[in-house]
Each structure stands twice: as C-alpha cells, then as structure tokens.
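**Student:** One structure coming up, written as structure tokens, with questions to follow.
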Amino acid sequence: MIGPVHNETVGMPEPGKVRYDWTGFSRKQWGPVSVVSRYNTVEATVGHATIVLDLTDRRPLEERQRSPIATPFRDGVPVWLNGRRVATVRRDPTSPFGLFVRWARKEIAGDPGFVLPGMRLADRSFPGMTSLKCDAGTLVRTNVLAAPWNGFAWHYTLPGISFGAPCVAAGVRPEHIALWFAIRETNR
C-alpha cells in the first residue's frame, strides 16, 4: 500500500499566477497606473517606473505548517525598481495592527537614491487608507472622502474601480506613486 503524498505545494496557488490586474487614472497628470497582483508579488507601473513587491513566504516549511498565515512585512518585503532591488519594507514592531482608527506603521530602508529621508508608510484596514510620507511631508495618500466607497467598490464590483484618485503632492516621483499603489494592493 502506498502512503499519502506529502507535497508542500498541494492546495497552494501557483506562485506566479495572476490573481487580477487593472489599469486606471490615465487622465491624471502622473497617470496612468497599471497594477498586476500575483500570489507572491504585486507589480505597479507608473510611467517608466515599475515597482515589484516580493511577498514570498521565506519561512521554513515547519513554521509554515504550524502557522499557515504569512506575515511578510514582519520579516521584510524586498522592493524592486525596474529590476533592481532598492529597498525593504518592514512592519514597525511597536506599531498597532491598523484596524479602524489606529494606523499600522511600516519602515522603509534601502538605497538613498530611492528612499527619501524619514520615508515611511502608514495604513489601516477599515476604511482602507494608505499614506506614504517622508520628513518633507506626505507624498501620496488615500483620498479620505473616497476611502469608504473604494472599499465597497472593491468587494462588490471589479478590481480597479475607484471613486477617487489618491492625493499626490507636487513633484512626487513616479516610482513613489507606484510604491504607494503596490502597498495599497497588499491590503486587499
């Protein structure tokens, strides 16, 4: 008699398989944006800047079996800009989880040509809001008035439907806008 087959990929989605993709905001000065969400990566493109977040669960098999829910930002998520690794995003260990009025904080460290002084992210789940900041101020943030409607549209219509464009400060580079979109997609 042959015993059961133990394959760690049984029941797991194919890593490179596309979950969904969308394109939008073509009429914005900084647009359009194109987002591709896969089971292990999120890719966002604005202009000639393509940001890829590698969400691969790098924990040992035993740990994945004990705790099947991955927490990639705890260990650090590599950020790639046009095929070159430029940063790592980590959840601040002292940060709350980001439910309701509490904001979760993520630290960004890496190449000084990409990471601005004091660059950090703040996000929360309900309503879904994300903010990319640096010492000079807020670079990109969710439109506060549109946030509740965007969550509704996401769950009950097609991906990419948005009732309000994000608020983008003047002079923000396309790669930072793409980073904001990529991080936002990880919260869905």
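**Student:** Does region 145-168 include one or more residues that are small (Gly, Ala, Ser), open to solvent by 50 Å² or more (accessible area, probe 1.4 Å) and either closer than 16 Å to Pro32 by Cα or at pLDDT 70 or above (or both)? Steps first, please.
**Tutor:** First pass over region 145-168, keeping only residues small (Gly, Ala, Ser): 146-147, 151, 153, 160, 162, 164-165.
Next, only the ones that are open to solvent by 50 Å² or more (accessible area, probe 1.4 Å) stay: none.
Checked region 145-168: no residue is small (Gly, Ala, Ser), open to solvent by 50 Å² or more (accessible area, probe 1.4 Å) and either closer than 16 Å to Pro32 by Cα or at pLDDT 70 or above (or both).
**Student:** Okay, next question. When the residues of region 39-74 are narrowed to those that are of a type in the set (S, T, N, Q) and open to solvent by 30 Å² or more (accessible area, probe 1.4 Å), which ends up farthest from Gly24 (Cα to Cα)? Explain how you work it out, then say what you get.
**Tutor:** Restricting attention to region 39-74, the residues satisfying the condition of being of a type in the set (S, T, N, Q) are 40-41, 45, 50, 56, 65, 67, 71.
Keeping just the survivors that are open to solvent by 30 Å² or more (accessible area, probe 1.4 Å) gives 40, 45, 50, 56, 65, 67, 71.
Numbers: Asn40: 22, Thr45: 11, Thr50: 15, Thr56: 26, Gln65: 38, Ser67: 36, Thr71: 29 Å.
Checking each candidate, the answer is Gln65.
**Student:** Something else: Could we say that Asp57 is charged (D, E, K, R) and at pLDDT below 85 here?
**Tutor:** In short, yes.
**Student:** For region 2-24, state whether one or more residues are modelled with pLDDT under 80, among the polar types (S, T, N, Q) and out of contact with any Asp or Glu (no Cβ under 7 Å at 6 or more places or on another chain).
**Tutor:** Step one: of region 2-24, the residues modelled with pLDDT under 80 are 2-16.
If we keep only those that are among the polar types (S, T, N, Q) too, we end up with 7, 9.
Those left that are additionally out of contact with any Asp or Glu (no Cβ under 7 Å at 6 or more places or on another chain): 7, 9.
There is at least one residue in region 2-24 that is modelled with pLDDT under 80, among the polar types (S, T, N, Q) and out of contact with any Asp or Glu (no Cβ under 7 Å at 6 or more places or on another chain).
The values are calculated or read from the model by the stated rules, or taken from the named source; none is laboratory data. All of these numbers come straight from a predicted model, not from anything done at the bench. Positions of Cβ are generated from backbone atoms using ideal geometry, with glycine treated the same way; all protein chains shown enter the neighbour counts. The accessibility values were calculated without ligands, DNA or RNA, using every heavy atom of the protein model including side chains. Shrake-Rupley method; radii C 1.70, N 1.55, O 1.52, S 1.80 Å.
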